[in-house]
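Note sheet for the following structure.
The values are calculated or read from the model by the stated rules, or taken from the named source; none is laboratory data. None of these values were measured; they are calculated from a predicted model. For neighbour counting, all protein chains shown are included, and Cβ atoms are generated from backbone atoms with ideal geometry for every residue, glycine included.
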Amino acid sequence: MSKAIRIDQNGGPEVLKMVDVTVGEPDDGEIRIRHKAVGLNFIDVYQRSGLYPFPMPLRLGMEASGVVEAVGKGVTHLKVGDRAAYASQPPGSYCEERVMPAKCVCKLPDDISFETGAAMMLKGLTAQYLLKRTLPQGGLQAGDFILFHAAAGGVGLIASQWAKALGYQLIGTAGSDEKCALAKAYGASHVINYSKEDFLVKVKEITGGKGVKVVYDSVGKDTWDKSLDCLSPFGLMASFGNASGPVAPFAPGILGNKGSIYVTRQTLFTHITSRETTQAMADDLFAVVSGSKVKIRIDQTFPLEQAQQAHIALEARKTTGCTILTL
């Protein structure tokens, strides 16, 4: 048996409850893993609220780290006793132990702790596909300006450091002076407190009126319209989240009027559909973390049974960096 966090209906944090679940043996292509730490992400909130619909009952959680306890037939990249970490479908990481598909589970390097492994997989792989695989026309070169919303969050702090290592000038937005200072300390070239300043005006000022080549936006509704206006001609609007709510429908014609710009809606799980791609992306992430180009900042830790409180803090924008649940 394993303790797990489950919801029986969509709703607020109050629908999260601890239950006992049976853990079986892994089938072909699966492993059984005992968790050491679990990552918390905004996608968990979307699934809990029903913005991303799933059949009920639903066990939440998309990333964790732990030790492999059993391996099913056909799994060759992992063995019993391996330290491992993952960001993976289906949901269900808010638990002590689970059986799950093996293809997105990666062996965790010995120099990366379980806590760091749990905190970095979904957010770090997201930063990887954004900065390396979701690029404007002609790509990005050293010195190019990019705009990254929620720069003091888990993905934002990783992306700020990684962008600096790649030579990009990342303009980060956040909702307080404290969060802006944090993003600046972690590599953002410029920061904008959007609660005090018009980020569109500031972006134009910083770039000498030219705008940015790409906007990476996990906020959604509140930042969408002005973000499009921050782009230079042929720029790319890369949406990857909806923290403020989903973006309203829009007429494609406006993209031409704003400079023949591009729009894409990205999700990590499209990028990690194969074992080979998942491992290549993870290896890239492990390299920058092990090489200290990217430091994973864990600012909030809650025991698994306090998942409700963790969700409350996340939705209230009271968190910075990464948040983990411990077992």
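A few comments on the model shown:
- K318 being within 30 Å of P13 (Cα to Cα) and either in contact with a Gly (Cβ under 9 Å, 6 or more places away or on another chain) or not in a strand (DSSP E or B) (or both): yes
- Among the criteria (1) closer than 24 Å to G209 by Cα; (2) hydroxyl-bearing (S, T, Y); (3) out of contact with any Phe, Trp or Tyr (no Cβ under 7 Å at 6 or more places or on another chain), the one Y129 does not fulfil is (1).
- Matching residues, segment 161-219, being among the β-branched types (V, I, T) and touching a residue at least 24 places away in the same chain (Cβ under 8 Å): I171, T173, V191, V203, I206, T207, V212, V214, V215, V219
- Matching residues in segment 236-256 - criterion: being in a helix (DSSP H, G or I) and either under 13 Å from D225 (Cβ atoms) or in contact with a strand residue (DSSP E or B) (Cβ under 7 Å, 6 or more places away or on another chain) (or both): I254, L255
- Criterion violated by A165 - all others in (1) of a type outside the set (S, T, N, Q); (2) outside the structural domain of S290 (by TED's automatic domain parsing); (3) outside any loop (DSSP other than H, G, I, E, B); (4) crowded, with 24+ Cβ neighbours inside 10 Å satisfied: (4)
So that you can scan it fast, the table gives a plain yes or no per residue for (1) among the small types (G, A, S); (2) surrounded by 15 or more Cβ atoms within 10 Å (Cβ to Cβ); (3) closer than 20 Å to A310 by Cα; (4) in the same structural domain as K318 (by TED's automatic domain parsing):
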position	(1), (2), (3), (4)
V23	no, yes, no, yes
M62	no, yes, yes, yes
A70	yes, yes, no, yes
D82	no, yes, no, yes
Y94	no, yes, yes, yes
V99	no, yes, no, yes
